[in-house]
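For reference, the structure is listed below as structure tokens.
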Amino acid sequence: MCGIMGYIGHREATNVILDGLAKHEYRGYDSAGIAVVKDNEILEVRTIGRVSVLAAKVAAAGLTGEAGIGHTRWATHGGVSETNAHPHISSDKRVVLVHNGIIENAREIRKDLELRGIKFHTETDTESAVQYLGYVYNGDPKEAIVKLTKRIRGAFALVIMFYDRPGEIWTARKGSPLVVGHANGEGFCASDPTALLEYTRVVWFMDDDEIARITRERCEFFDFAGVPHNKEPMHLDWDAAMTSRGEYPHFMLKEIHEQPDVVAHTLLGRIAGGGVDLSRELSWTPEEAKKWRKIHFVACGTSHYATVAAAYIMENLGKFDIRTEVASEYRYRNMTIDSETLAVFVSQSGETADTLHAARLAKSRGAKCLVITNVRGSTIDREVGESIITPAGPEIGVAATKTFTAQITALTLLGMYLAKLRGELPEDSERRLISALMDIPGKLSLLLAKEKEIEELARDFADARGFFFIGRGIAYPPALEGALKLKEISYLHAEAYPAGEMKHGPIALLDKELPVVALVPKNSLWEKTVSNIEESMARRSPIIALATEGDNEIKQYTDHVIFTPATEPELYPFVAVIPLQLFAYYIARQRGCDIDMPRNLAKSVTVE
Ligand code: AGP
């Protein structure tokens, strides 16, 4: 979605803001803009396109300042145009703001203000907020913002400056993420904490219904009635180097390569004496664990597929009654959610609106809720209160890669821990799996060494019309994720099916231009999957097989084979996903796609 950056301090504000906006670009990037307040005047530059275009325009205009606000836009209301780009200024030129979210009653406010003679200039919902502020502002910013929060409905992170208050940046949040930071005479705010890492690690994640005033000296917080409150800062444990691409051409490739370390870090501190131990994070008793008869996994996109993999893994570990639900559906179904439900919400960003709303619903119904997220301090982490943090570090590529492996690692440990608490995990199974998990980083490194081979394979298939991904049992969840990766970044149609389901319809689509990627690990379902490969071959579909090292028979069916290291059967998704990520990456590269920022997508989806 949109990205926001605000700065006040001794540096050139436009430089800090442009730098921060560039770090937000992956969130949304059809247009961008920046405004500063100087000598009782609001000055701004806006443009269609990327932050680099904005930077050139800012330099050409000679825009400078000590405080300012900036925005990268991902259009929701109103087309992509310079006029609709943020920041927006009130007609009386006294207020400027940037906004992330949606103001639901914008039309009604606009109509009302137009009747009072205020002229609107854009098609955006945001303009209703800035015009309203201009209308009610009488020299007291807090009072005006309090009035605004009472007038507007919807989701918003607003960052506001007033023409006569060059030393103050004001923010208000409801529903859309915003983080505030401070360090030695400098104040910041941003949608994403990674934009602040270079300047400060001392941050406050804003809560819903909260207003902040940022000056060089301090950050102050108020509720929507304007009453001040104390708020403890958090210390960010990421470091600035993690947000650089290093020598890699794309963040996605860098993040794919980080996966051996990510798995190792996720295991760290969660294994004791050869067994799983999550007691540092979860103060659960065996009685509680037995009480949660139903387990609901709720997530979106890649995080959802991680939960699908987890469900297959966990069903082999204990007697679990698991549902894996897409968050946007979970809220609107009439499922039994009660105190016997353990609801696990998985979100890389911790800001996905669908997942957040689903968590609120489950909490209100009395379910025990747990979050698995990559961002400590994110909204879902703070709201749910009990979390397992995946230490994958910031993920910048829009297509999730390393966070998927971190999530399946954390979920596997969670499944084992629950089974152990319930007394259902035999000690030998626990030792076998822990030892296999500890071998995973080494196996992932072996897979990464096959990068060239996968690149060549991708070159052969980059012109395909589309792809099917098939797998049975534990091979099905990584097939889902492989297809998602490919469609997200290469814009090719890719669909995953349980291999046995192909004959019930999808097989009608197969022909020589539609390759099938078959995940066929050497396990008890190998023969059945091979039958499905043969069915596809009979329809002349080229086959790419993901087979287990040492499986020589597979060569009878296709020359296009990527071999994956053998592992314990339950852990197959770990070794399957890296070749599929690399395959998607190289197909997209071959096709000249914008890999880190694929069209129409945003890293953090904060609207429903
Ligand atoms: C994954 O490649 C996608 N960018 C997307 O499906 C993502 O996984 C989904 O939007 C969920 O995001 P979250 O994990 O931050 O909640």
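The values are calculated or read from the model by the stated rules, or taken from the named source; none is laboratory data. As the structure is a computational prediction, the values presented were derived from the model and not from experiment. Because the Cβ atoms are built from the backbone with ideal geometry, glycine has one as well, and the counts that use them run over all protein chains shown. To get the accessible areas, we keep the full protein, side chains included, count just its heavy atoms, and leave off ligands, DNA and RNA. Shrake-Rupley method; radii C 1.70, N 1.55, O 1.52, S 1.80 Å.
Is it the case that some residue within the stretch 416-430 is within 15 Å of the ligand (Cβ to nearest atom) and touching a residue at least 60 places away in the same chain (Cβ under 8 Å)?
Going residue by residue through the stretch 416-430, those that are within 15 Å of the ligand (Cβ to nearest atom) are none.
Within the stretch 416-430 (the criterion being within 15 Å of the ligand (Cβ to nearest atom) and touching a residue at least 60 places away in the same chain (Cβ under 8 Å)), the answer is no, since none of the residues qualifies.
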Exercise. Does any residue of the stretch 247-264 turn out to be within 23 Å of Ile380 (Cα to Cα), crowded, with 21+ Cβ neighbours inside 10 Å and outside the structural domain of Tyr572 (by TED's automatic domain parsing)?
Worked result: yes
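Whether any residue in the stretch 278-296 is aliphatic (A, V, I, L, M), within 30 Å of Cys189 (Cβ to Cβ) and assigned by TED's automatic domain parsing to the domain that holds Leu433 is what I want to check.
No: zero hits.
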For this session: Go through the stretch 64-98 and count every residue that is more than 31 Å from the chain's Cα centre (by Cα) and among the basic types (Lys, Arg).
Result: 2
For this session: Within the stretch 293-311, identify whether any single residue is more than 16 Å from the ligand (Cβ to nearest atom), open to solvent by 20 Å² or more (accessible area, probe 1.4 Å) and of a type in the set (Gly, Ala, Ser), and answer yes or no.
Result: no
For this session: Kindly provide the set of residues from the stretch 198-223 that are in contact with a Leu (Cβ under 7 Å, 6 or more places away or on another chain) and either of a type in the set (Val, Ile, Thr) or surrounded by fewer than 21 Cβ atoms within 10 Å (Cβ to Cβ) (or both), ordered by number.
Result: Arg201, Val203
Exercise. Which of the residues that make up the stretch 20-38 are within 13 Å of Cys189 (Cα to Cα) and among the acidic types (Asp, Glu)?
Worked result: none
Exercise. Which condition number in (1) open to solvent by 40 Å² or more (accessible area, probe 1.4 Å); (2) in a helix (DSSP H, G or I) is the one that Lys485 fails?
Worked result: (1)
Exercise. For Glu351, are the conditions met, namely being open to solvent by 10 Å² or more (accessible area, probe 1.4 Å) and without any contact (Cβ under 8 Å) to a residue 24 or more places away in the chain?
Worked result: no
For this session: Give just the number: which of (1) open to solvent by less than 20 Å² (accessible area, probe 1.4 Å); (2) touching an Asp or Glu at 6+ places or on another chain (Cβ under 8 Å) does Ile408 not satisfy?
Result: (2)
For this session: Identify the single condition in (1) touching a residue at least 12 places away in the same chain (Cβ under 8 Å); (2) under 27 Å from Gln259 (Cα atoms) that Asp321 does not satisfy, given that it satisfies every other one.
Result: (2)
For this session: Taking the residues in the stretch 169-185 that are open to solvent by less than 30 Å² (accessible area, probe 1.4 Å) and polar (S, T, N, Q) as candidates, determine which candidate is modelled with the lowest pLDDT.
Result: Ser176
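Looking only at the stretch 327-344, how many residues end up being of a type outside the set (Val, Ile, Thr), open to solvent by 20 Å² or more (accessible area, probe 1.4 Å) and more than 15 Å from the ligand (Cβ to nearest atom)?
Restricting attention to the stretch 327-344, the residues satisfying the condition of being of a type outside the set (Val, Ile, Thr) are 327-335, 338-340, 342-343.
Still in the list and also open to solvent by 20 Å² or more (accessible area, probe 1.4 Å): 328-329, 331-334, 338-340.
Checking the rest, the ones that are also more than 15 Å from the ligand (Cβ to nearest atom) come to 332-334, 338-340.
Number satisfying all stated conditions: 6.
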Exercise. Any residue in the stretch 556-575 that is within 12 Å of the ligand (Cβ to nearest atom), in contact (Cβ under 8 Å) with a residue 24 or more places away in the chain, farther than 16 Å from Gln259 by Cβ and not β-branched (Val, Ile, Thr)?
Worked result: no
Exercise. Within the stretch 389-398, is there a residue that is open to solvent by less than 10 Å² (accessible area, probe 1.4 Å) and more than 28 Å from Tyr585 (Cβ to Cβ)?
Worked result: no
For this session: Identify, by number, the condition in (1) of a type in the set (A, V, I, L, M, F, W, C); (2) within 30 Å of Ser339 (Cα to Cα); (3) at pLDDT below 95 that Met234 doesn't meet.
Result: (2)
For this session: State all residues of the stretch 477-519 that are farther than 16 Å from Ser531 by Cα, more than 16 Å from the ligand (Cβ to nearest atom) and of a type in the set (Gly, Ala, Ser); if no residue qualifies, say none.
Result: Gly505, Ala508
For this session: Might you check whether a residue that is closer than 18 Å to Arg472 by Cα and within 16 Å of the ligand (Cβ to nearest atom) occurs anywhere in the stretch 524-531?
Result: no
Problem set entry | Criterion: in the same structural domain as Leu421 (by TED's automatic domain parsing), near the ligand (Cβ under 10 Å from one of its atoms), modelled with pLDDT of 95 or more and of a type in the set (Ser, Thr, Tyr) - qualifying residue of Ser347, Ser364, Ser378 | Ser347
Problem set entry | Condition broken by Ala75, with the remaining ones in (1) over 28 Å from Glu395 (Cβ atoms); (2) in a loop (DSSP other than H, G, I, E, B); (3) among the small types (Gly, Ala, Ser) satisfied | (1)
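Got a number for residues in the stretch 382-393 being within 12 Å of the ligand (Cβ to nearest atom) and either modelled with pLDDT under 95 or not hydroxyl-bearing (Ser, Thr, Tyr) (or both)?
From the stretch 382-393, those within 12 Å of the ligand (Cβ to nearest atom) are 390, 392; that's our starting set.
Filter once more, so that each one left must be either modelled with pLDDT under 95 or not hydroxyl-bearing (Ser, Thr, Tyr) (or both): 392.
Summing the residues that are within 12 Å of the ligand (Cβ to nearest atom) and either modelled with pLDDT under 95 or not hydroxyl-bearing (Ser, Thr, Tyr) (or both) in the stretch 382-393 gives 1.
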